[in-house]
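The values are calculated or read from the model by the stated rules, or taken from the named source; none is laboratory data. These numbers were taken from a predicted model, which means no experiment stands behind them. When we count neighbours, we look across all protein chains shown, and the Cβ atoms used for this are built from the backbone with ideal geometry, even at glycine. Each accessible area value is taken on the protein alone, full model and side chains, heavy atoms only, with ligands, DNA and RNA left out. Shrake-Rupley method; radii C 1.70, N 1.55, O 1.52, S 1.80 Å.
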Amino acid sequence: MSQEEVSLEARLEEQEAFEPPESFVEQANVADPSIYEEFEENWPECWERAADLLSWEEEYDTVLEDGDAPFYEWFTGGELNASYNCLDRHVEDGAKNRAAIKWEGELGETRTYTYGELLNEVEAFAATLRDLGVEEDDVVTLYMPMIPELPVAMLACARIGAPHSVVFAGFSADALATRMNAADSEYLVTCDGYYRRGDALDHISKANEGLEGVEHEVSDVVVVDRLGDALSHSLGDNQHDYDELVEEHEGASVDPVSRDAEDMLFLMYTSGTTGEPKGVKHTTGGYLAYTAWTSHSVLDIKPEDTYWCSADIGWITGHSYIVYGPLALGTTTMMYEGTPDYPEKDRLWEIVEKNRVDVFYTAPTAIRAFMKWGSQYPEEHDLSSLRLLGTVGEPINPRAWKWYYKHIGDEECPIVDTWWQTETGGMMITTLPAINTMKPGSAGPPLPGISAKVVDAEGEEVSAGKAGYVTVDKPWPGMLRTLYKNDERFIEEYWDEYSDEEADEWVYFPEDGAKIDDDGYITILGRVDDVINVSGHRLGTMEIESAVVGVEGVAEAAVVGGDHDVKGEAVYVYAIPEDGYEGNDELGERVIEGVVDAIGPIARPEEVIFTPELPKTRSGKIMRRLLEDIASGNELGDTSTLRNPEVVDDIEEQVAGD
Ligand code: 6R9
């Protein structure tokens, strides 16, 4: 580094607050600070601003219906169709030839769908689904990687009013079966495979294996042929080739079904405290209005932009900010199939340069990997088209924030650190990029109209600097409406903790720890339940534990998250071998395999530590905190309340010995 660079690094290192550049403010969608007051004074009618971004077939009568809280309803009486809002109206407005989706495969092939072309293919696939017998409100499962047919299928479902349930392609066959069973889903759209680090990956075998675990009859399976000759596959009895069906239905015209604002748009399963994944239900009106509004106000998306969110559509971030929000605004949204380091570690920057990407949204885990690889990779490319950067999924440490700011944004792009969840539908706590000062490491204030607070165990607001829990004490349009077919669990999981049912005061509890500064900025500290956040992906420890104890030779297990410098958190397994088995490498390998088979490679344990006993409190509870500290290499707190303090030294020695 030159002298000049060294002093620049030093200055950045110390700087704690960053102002949005004037050039950004001048062009921003939302730049007037009075928006905070406007929303506060005019709540809940302020949310009409979000609804106004959509085209309604039938105007709504009421913004918020809270008579049956916490089963809130938004924009009641309104009718609309999400696919119409994402496609037809832009075509009608003259944007037929604007690129809607620009896709790049891992091997370098590209496909662009204009709004006109995307609408045609969505209509052809919607007609296909109808012909197969899909009716309004039937749940269609989409088990697909990052190929354009995934958003096509989502929008085709939306067009005919069939909720989709997307299952992340990296999830296991078991995970697919569990989700299809839970949603009683009789239709599956999947593909033969996809590319990962240059290899053709077989996906159809996993899908077929999953189908064997589905307890009800599956009517039809549509298979996209992504790999051509690279992987030959044969179709079963009720299985159809996507291309053939779409060709047959080419030119079909399918009117968008008018959906009630509160009708389900999709289901998304996510991990919780217990083993069973939770089916989060999102609606057509509130969700679409909320994702469009936050795409407009936070991501500053404009129709003429090329916008890129590098998440996978299999997660909520991809639903809200690759598909629904950006397409509702009529912009060009990018999709990339593969990994960021294939063939080289500059792949993403090459894509940014080639497509003149304006807004880029990614996860801290990716940024930490970029940092580790070094700034020479982004430096090889012209990234001057970038105007705004964003992050989501987990806390971002100030060092990573500053690296992103300097090496990707060239100190000219604001960064939005957006806190939200599958359940919230869209962003909740973040700076507005043209309005607020940025403080690396702190997500920022709650968005206008969002009443997020940091409270103690009793629900009292904590003073500045003290740690507490995030809560939200007013509803918002993008919120989940319930857990699919499980209203009781919905209340239990999210509302029981802080609400005063008798007083009809409802407080949403996201299960995140946080602290608040005296200027109202919220710093998220991470999950306080048994959820591990691996590379921004939520995994339930209970799900992993049940996979571990399912392995022959394991008697008992505890799974915790330990610090990891790229993934944020990684999975650590502590396991007690069964009598007659030895805690050796072979058993360790089988444990790892068992977890990958049950959940998927994202849950692959970093380490399996065998121990004759788990540290337990006198009342017999496993001391998870302690295991987390051991995994993270932290100083251990008080162990005197343990029934078996001697096991701690044993375990520590083993971990240190590796
Ligand atoms: C969108 C998404 C939600 C959990 C959430 C929190 C963590 C997300 C964050 C963040 C700190 C941020 N999280 N964004 N933590 N700062 N900007 O990630 O949804 O997969 O449901 O995960 O992720 O712990 O509770 P989801």
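Can you list the trypsin sites (Lys or Arg not before Pro) in region 556-658 that are in a DSSP coil and have 12 or fewer other beta carbons within 10 angstrom?
In loop regions of region 556-658 (DSSP not H, G, I, E or B), the sparsely surrounded trypsin sites (Lys or Arg not before Pro) are 618, 621.
In nm, to one decimal, how far is the residue 501 label point from the residue 473 one, both placed 7 Å along Cα→Cβ?
Between residue 501 and residue 473, the simple spin-label model gives 2.0 nm.
Tell me the label-point distance for the pair residue 41, residue 488, using the 7 Å Cα-to-Cβ offset, in nm and rounded to one decimal.
In this crude spin-label approximation the distance works out to 4.7 nm.
Please state the Cα pair-distance histogram of region 530-657 with 10 angstrom bins from zero: what percent is in each bin?
For region 530-657, the binned pair fractions read 13, 47, 34, 5 percent.
Please report, as a whole percent, how much of the solvent-accessible surface of region 1-68 comes from carbon and sulfur atoms (probe radius 1.4 Å).
41 percent
Taking 18 Å as the cut-off for C-alpha to C-alpha distance, list the pairs among 439/515; 402/466; 402/515 that go past it.
Details: 439/515 14 Å; 402/466 25 Å; 402/515 21 Å.
402/466; 402/515, as the Cα separations exceed 18 Å there.
Probe radius 1.4 Å, ligands and nucleic acids left out: which of 453, 372 has the largest accessible area, and how do the rest follow?
372, 453
If each DSSP helix of 4+ residues adds -39,500 (n - 2.57) and the sum is divided by the residues in the chain, what number results at 222 nm, nearest 500 deg cm²/dmol? Could the numbers behind the result be given before it?
Numbers: 20 runs with 183 residues, N = 658.
That comes out to -8000 deg cm²/dmol.
Using a simple spin-label model with points 7 Å from Cα along the Cα→Cβ vector, what separation in nm is obtained for residue 458 and residue 11?
It is 4.8 nm.
Would you work out which of 531, 656, 560 lies farthest towards the positive end of the dipole of region 530-657? Charges go on Cβ: Lys and Arg +1, Asp and Glu -1.
531
Indicate the gyration tensor shape class of the chain (rounded, prolate or oblate), computed on the Cα atoms with a ≥ b ≥ c the square roots of the eigenvalues: a/c under 1.5 is rounded; otherwise a/b larger than b/c is prolate and the rest oblate. Mind dumping the intermediate values first?
Values: a/c = 1.32, a/b = 1.14, b/c = 1.15.
Rounded.
By how many nm would the segment from residue 197 to residue 581 lengthen if fully extended, with 0.36 nm per residue of separation less the alpha-carbon distance?
Gain on stretching residue 197 to residue 581: 134.6 nm.
Which is farthest toward the positive dipole end of the chain among 471, 110, 551, measuring Cα position about the Cα centre, with Cβ charges +1 (Lys, Arg) and -1 (Asp, Glu)?
Checking the options against the dipole of the chain, the answer is 110.
Report the full-extension gain for the segment residue 644 to residue 184: residue separation times 0.36 nm, less the Cα-Cα distance, to one decimal in nm.
Gain on extension, residue 644 to residue 184, equals 161.0 nm.
Output the antiparallel fraction of DSSP beta bridges having both residues in the chain, as a percent to the nearest 5.
Numbers: 58 of 96 bridges.
Percentage antiparallel, nearest 5: 60.
Is any helix in the chain, taking whole DSSP H runs, at least 24 angstrom long along its axis by alpha carbon and on average at least -0.5 on the Kyte-Doolittle scale, and which ones? Walk me through the intermediate numbers first.
Details: long enough: 115-132 (25 Å, 0.18).
Counting only whole DSSP H runs, the qualifying helices are 115-132.
So what's the gap between the Cα centers of region 67-122 and region 238-297, to the nearest angstrom?
Their Cα centres are 11 Å away from one another.
Heavy atoms only, 1.4 Å probe, whole protein assembly: order 43, 403 by accessible area, highest first.
43, 403
Report the calculated FRET efficiency for residue 57 and residue 131 (r = Cβ-Cβ distance, R0 = 22 Å), to the nearest 0.05.
Values: r = 25 Å, r/R0 = 1.12.
That pair, residue 57 with residue 131, gives E of 0.35.
How much accessible area per residue does the chain have, in Å², with a 1.4 Å probe?
That works out to 39 Å² per residue.
Roughly how many debye, to the nearest 20, is the charge dipole of region 539-579 about its Cα centre, given +1 on each Lys and Arg Cβ, -1 on each Asp and Glu Cβ, and no other charges?
140 debye
Want the number for residue 566 to residue 618: 0.36 nm per residue separation, take away the alpha-carbon distance, what's left? It would help to have the intermediate numbers written out before the result.
Details: separation 52, 0.36 × 52 = 18.72 nm, distance 3.58 nm.
Result: 15.1 nm gained on full extension.
With a 1.4 Å probe and all protein chains kept in place, how do 380, 613, 9 rank by accessible area, largest first? List each step's numbers first, then the result.
Numbers: 380 110, 613 80, 9 55 Å².
So the residues, ranked largest to smallest area, are 380, 613, 9.
In debye to the nearest 20, how big a dipole does the chain give about its Cα centre with +1 on each Lys and Arg Cβ and -1 on each Asp and Glu Cβ?
Rounded to the nearest 20 debye, it is 1240 debye.
Based on the mean of other Cβ atoms within 10 Å per residue, sort peptides 423-435, 240-252 so the most packed one is first.
Packing proxy ranking, top to bottom: 423-435, 240-252.
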